Amino acid sequence: MITHSNVWRFFTKPLMKTRLAPRRGLNGLAGKDIGDRQSRIIFTVLGFTALTALLLIVLFLFLEGTALFIHPAEDGSRVGLGDFILGSFWYPGYTPPEFGILPLMAASLSVTVLSACLSIPLGMGTALYLSSVAGPRVREWGKPVIELLAAMPSVVLGLVGMMVIAPFMQEWWDVPSGLNMLNASVMLALMAIPTIASIADDALESVPRDLLEASYALGATPLQTLMRTRLPCALSGVGAGIILGLTRAMGETMVVLMCAGGAAQLSFSPLDAVRPMTSTIAAEMGETAVGSSHYSALFAIGITLFLMTFAFNLLASFIAGRYSQKGYQAA
Amino acid sequence: MKANNLKKRKYYTVAVFALFRLAALLTAAALAGIVLFLIIKGAGSISWDFLSQSPADSMTKGGIFPAIIGTFYLTAGAMLVALPLGLATAVYLSEYARPGRINSIIRLSVANLAGVPSVIFGLFGLAFFVTKLGLGISILSGSLTLALIIMPTIISASEEALKQIPLSYREASYALGASHWQTVFNVVLPAALPGIITGSVLSLARAAGETAPIMYTAAVFYTLHLPSSLFDPVMALPYHIYKLATVGTHEALVPIRYGSCLVLIGLVLGMSLAAIIIRTKIRRNKQW
């Protein structure tokens, strides 16, 4: 019979004969010790892969990005940290070039906030529906479907935004271009909803049953139980899910590259074209020479983006830890 | 309590629950609408020639075979690198590491690696693999970059699967005189294998749809020949779609765009769906 453990044995049999595997027979005990020690060393070393990768990413981002502030640009002008963060003009092609990322940061934040207005209500509504309103059949189907939608490639959503939403907006609102902040925000919200719904649903689902039953026993309606017992208990997980969903939206590249319009201007109108940080990196990396000041500037944007998402991730894990139920152990 | 009040509470509950239902419906409708739209628009251009031919006449004719094969190479390469490393990290975390500072630092780095935007992986791949290591714009650079992206997901999925193996399995193995390593290799890993594989396939499906990380590490819009070595650049489906969408407004490009999109979501959603179905079956037939 073909079972997965048979398949496993088939592929790993040769491996077991190597020195990593314990020798059997008379000196079996000694062999066991060697195999144990070797495997512990190997797995301990490999266990640091993720940490190494993260450190390497940080190292190379900073190596390439800080060159912008250390070395003078091609025409001899220098870029200060203040000019970079607070400068409101992004003209990398001018002489002297202007590397002010304020409009790019503002675009990233405003697109994220605007998409949150759509993704938080819809994502939370979906999570609350799946965990507390839907019957077991819908639940059984709903969860995998959400997971499936989380895998939707962003370039496909970008194409839909470009080919469907943009002409639609142009026609209905009579704007010069349908590629704008609102279009990108709508498509970003579609990316964030599955993340928010899935994590929030997990959190709501893990609230211990006896807490809900206690609430019902006190005469609370299903709605009161949901809003006053279940949601507060799951608040840490729900909060973490929302932050992770928004972080995903902020770090998303293809949707904003294709739908946001790409004008590096400081604007807060939803119908204006903007150029978030991610799309600036993706759009301009192809036209820069390795080591030029423009190249360093794009890495410096990368550092800014990395620090922003890093802060959001830390916030999410802080919230998940801070507001989690203490002193109540689910059976 | 007044009957009036009870009725009010009931209506209130029904109304708010209807609101939640509406939110779920809207979400489902929006995403199902996109998939349906792509199927309707793209189904017409799908044919055997479309899947097996190279593009011709500056992308206005022919198929997308090189892009499909490129995406296959990139994701297979990413899996070959990420699965052993991710699995080893998960085994270390769940079977070898003692709770403590080092353990929590590794966990924190896995969580943060999962949250890093994909375009930053692309930047890193360009600076490190392409330029520093001199691998150039190639399958190898792209696969390594994608491997970094899927590693955190593989680690969490594998650790989850390893954690679900009951302690009694391990104790039974020790009772038979097996060493720690023998227990991990012969008892724990085989039992966790289905969970590990399905989790990895889910992460792989997402990697197949990523565009930003391969834009400057592996993908090109057009290659004359299929790649012959790991150091060749490739065409890739997501990048192909992006380029087709932005390269021009030629009428003949429209069906090819939608056709490519349909192939990509078929690939990504199909792989995810298969993994999810298998996982559901495993969970149902679990022996413990």
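The values are calculated or read from the model by the stated rules, or taken from the named source; none is laboratory data. Keep in mind the model is a prediction, meaning the values are calculated, not measured. Please note: Cβ atoms are built from the backbone with ideal geometry, for glycine as well, and neighbour counts cover all protein chains shown. In case anyone asks, the SASA skips ligands and DNA or RNA and just uses the protein heavy atoms, side chains included. Shrake-Rupley method; radii C 1.70, N 1.55, O 1.52, S 1.80 Å.
Counting only residues that are over 30 Å from residue A:36 (Cβ atoms) and either in a helix (DSSP H, G or I) or not basic (Lys, Arg) (or both), how many does segment B:54-98 have?
Total satisfying the criteria: 24.
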- [ ] Output the residues belonging to segment B:36-68 that are among the hydrophobic types (A, V, I, L, M, F, W, C) and surrounded by fewer than 17 Cβ atoms within 10 Å (Cβ to Cβ).
- [x] B:36, B:37, B:39, B:40, B:43, B:48, B:51, B:56
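Out of the helices (runs of 4 or more DSSP H) lying entirely within segment B:149-234, which hold 2 or more residues that are open to solvent by 50 Å² or more (accessible area, probe 1.4 Å) and either within 20 Å of residue A:151 (Cα to Cα) or of a type in the set (Phe, Trp, Tyr) (or both)? So that I can check it myself, show each step before the final result.
Details: elements: B:167-175, B:180-183, B:189-209, B:212-215.
Those helices (runs of 4 or more DSSP H) span B:167-175, B:189-209.
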TODO: Go through (1) within 7 Å of chain A (Cβ to nearest Cβ); (2) more than 23 Å from residue A:314 (Cβ to Cβ); (3) within 21 Å of the chain's Cα centre (by Cα); (4) among the β-branched types (Val, Ile, Thr) and name the single condition residue B:145 misses.
DONE: (1)
TODO: Tell me the helices (runs of 4 or more DSSP H) entirely within segment A:1-75 that contain at least 1 residues that are charged (D, E, K, R) and at pLDDT below 85.
DONE: A:4-16, A:28-46
Task: Selection count, segment B:167-205, where residues are more than 18 Å from residue A:37 (Cα to Cα), in contact with a Phe, Trp or Tyr (Cβ under 7 Å, 6 or more places away or on another chain) and not aliphatic (A, V, I, L, M) - done: 1
Open item on the list: Can you list residue pairs whose Cβ atoms sit under 9 Å apart, with the first residue in segment B:215-228 being within 14 Å of chain A (Cβ to nearest Cβ) and the second being surrounded by 14 or more Cβ atoms within 10 Å (Cβ to Cβ) and charged (D, E, K, R)? Count only pairs 6 or more apart in sequence or on different chains.
Closed with: B:219/B:243; B:221/B:243
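This table checks each residue for (1) touching a Lys or Arg at 6+ places or on another chain (Cβ under 8 Å); (2) among the aliphatic types (A, V, I, L, M); (3) open to solvent by 10 Å² or more (accessible area, probe 1.4 Å); (4) outside any loop (DSSP other than H, G, I, E, B).
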| position | (1), (2), (3), (4) |
| --- | --- |
| A:168 | no, no, yes, yes |
| A:182 | no, yes, yes, yes |
| A:191 | yes, yes, yes, yes |
| A:219 | no, no, yes, no |
| A:237 | no, no, yes, yes |
| A:241 | no, no, no, yes |
| A:264 | yes, yes, yes, no |
Task: Given (1) small (Gly, Ala, Ser); (2) in contact (Cβ under 8 Å) with a residue 60 or more places away in the chain; (3) open to solvent by less than 10 Å² (accessible area, probe 1.4 Å), index of the condition residue A:251 fails - done: (2)
